[in-house]
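Below: the structure, in structure tokens.
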Amino acid sequence: MQGAITRRARALAFTAFSALACAWTGSALAQQGGADRNALVPHQVAEGVFLMQNPTGSGNAGFVITSDGVLVFDADVRNADQTLAFIRKQTDKKVRYVVISHAAGDHATGVWHYREDKPTFIATRRQMRDMYMQEKQQFDERKAQGRPEQNPYARAEFVTPDLGFEGALTLQFGDVTFQLTEEGHGHSTSDVTMFVPQKRVFFMGDLLNTEIHPGQSESAGVIFANVTGWVSSLDRVLARNLAVDTYIPGHGPVHLGRGVADLEEQKRYFLTMRDRVSRRMAQGDDLAKIQKDFQPPEEFARYSRKERMNNFLNLFFHQNIERGF
Ligand SMILES: [Zn+2]
């Protein structure tokens, strides 16, 4: 009985938080005048902590304001100017650091927009390599194409990281601590998360996608996601039992105050989807047949961007085999 009451109280709190988030969404959309694919909608997550959410499902970005400057988490060349404009409305402090969750274009290509503030661009060594090896080439190709949708690339420059780390890095400034952890190979070859203990928030990058079928980490035409590694990364974050109110997703809306329930849902997504593929394999169905008529489990039927499932069905299929199916 007590469990039911607690659950209900939690659900009510979550609804109240969601209503607040929707109010933000409405006003910001009105300001921006409607449906631009690259539009970012600001949501306040905690005191001085903001998520810039892309409602069409492209990459989110975020930032934290401290008394000694701003840290930006993720930057897409197509819309990081919107994040900067919103930062300027909130504070006169400079952007001191840019951190990326991984080296894909929708998270890592927009650092040029912050050039006036001369921030330090921090990445893992592995991300640095992916930036040189894949993303730069794709960026340059788009820059050269001259198509109207490539305008953001045409006017910008590709910026490579200033500082590379391996494993973990603690950054401290303006009385705020940023715990960066290289979680390993899950969504991408080197996923970085960021815990901000004083704010009780945790930036997940693309290790967390909410209300959307997760992406397979395409970087310059190469697909990097590893389902087994992704689940292990989620397990490691869960095992830390951190004092966190909100885990901030790389794609999809933020669920203020929902805590680890978001991570558990993401993990359940992979396990139940993989189980469903495995059952089809046991019936003798090949990949093409599974992809043709696959229905996601009921819990995930409402997720948007169903077209993203096909690459994952491919991954589930082959990673089931790798694991000795
Ligand atoms: Zn992404």
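The values are calculated or read from the model by the stated rules, or taken from the named source; none is laboratory data. No experiment lies behind these values; they were computed from the predicted model shown. For neighbour counting, all protein chains shown are included, and Cβ atoms are generated from backbone atoms with ideal geometry for every residue, glycine included. Please note that ligands, DNA and RNA were not included when accessible areas were found on the heavy atoms of the full protein model with its side chains. Shrake-Rupley method; radii C 1.70, N 1.55, O 1.52, S 1.80 Å.
Inside the range 265-290, can you point out the residues that are of a type in the set (Val, Ile, Thr) and closer than 10 Å to Phe317 by Cα? Steps first, answer last, please.
Let us first name the residues in the range 265-290 that are of a type in the set (Val, Ile, Thr), namely 272, 277, 290.
Passing the criteria: Val277, Ile290.
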Look at Glu307 and say whether it is part of a helix (DSSP H, G or I) and open to solvent by less than 40 Å² (accessible area, probe 1.4 Å). no
Kindly list, by first and then second residue, each pair from a residue in the range 73-102 that is at pLDDT 95 or above to a residue that is small (Gly, Ala, Ser) and part of a helix (DSSP H, G or I), limited to pairs with Cβ atoms under 6 Å and residues at least 6 apart or on different chains. Ile100/Ala108
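Filtering the range 55-65 down to residues that are in a loop (DSSP other than H, G, I, E, B) and surrounded by 24 or more Cβ atoms within 10 Å (Cβ to Cβ), which residue is farthest from the ligand (Cβ to nearest atom)?
Looking only at the range 55-65, we keep the residues that are in a loop (DSSP other than H, G, I, E, B), and these are 55-60.
This time we only want the ones that are surrounded by 24 or more Cβ atoms within 10 Å (Cβ to Cβ), so: 59-60.
On the way: Gly59: 4, Asn60: 8 Å.
The qualifying residue farthest from the ligand (Cβ to nearest atom) is Asn60.
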Modelled with pLDDT under 95 and either within 16 Å of the chain's Cα centre (by Cα) or of a type in the set (Phe, Trp, Tyr) (or both) - does that describe any residue in the range 194-205? no
Apart from one, (1) open to solvent by 70 Å² or more (accessible area, probe 1.4 Å); (2) in contact with a Pro (Cβ under 8 Å, 6 or more places away or on another chain) all hold for Gln266; the odd one out is (1)
Tell me yes or no: at least one residue of the range 32-48 is of a type in the set (Val, Ile, Thr), more than 16 Å from the ligand (Cβ to nearest atom), crowded, with 19+ Cβ neighbours inside 10 Å and under 24 Å from Lys118 (Cβ atoms). no
In the set Gly184, Gly250, Gly205, which member is small (Gly, Ala, Ser) and more than 27 Å from His43 (Cβ to Cβ)? Gly184
Taking the range 90-141, which residues are open to solvent by less than 20 Å² (accessible area, probe 1.4 Å), over 20 Å from Phe165 (Cβ atoms), within 14 Å of the ligand (Cβ to nearest atom) and part of a helix (DSSP H, G or I)? Gly105
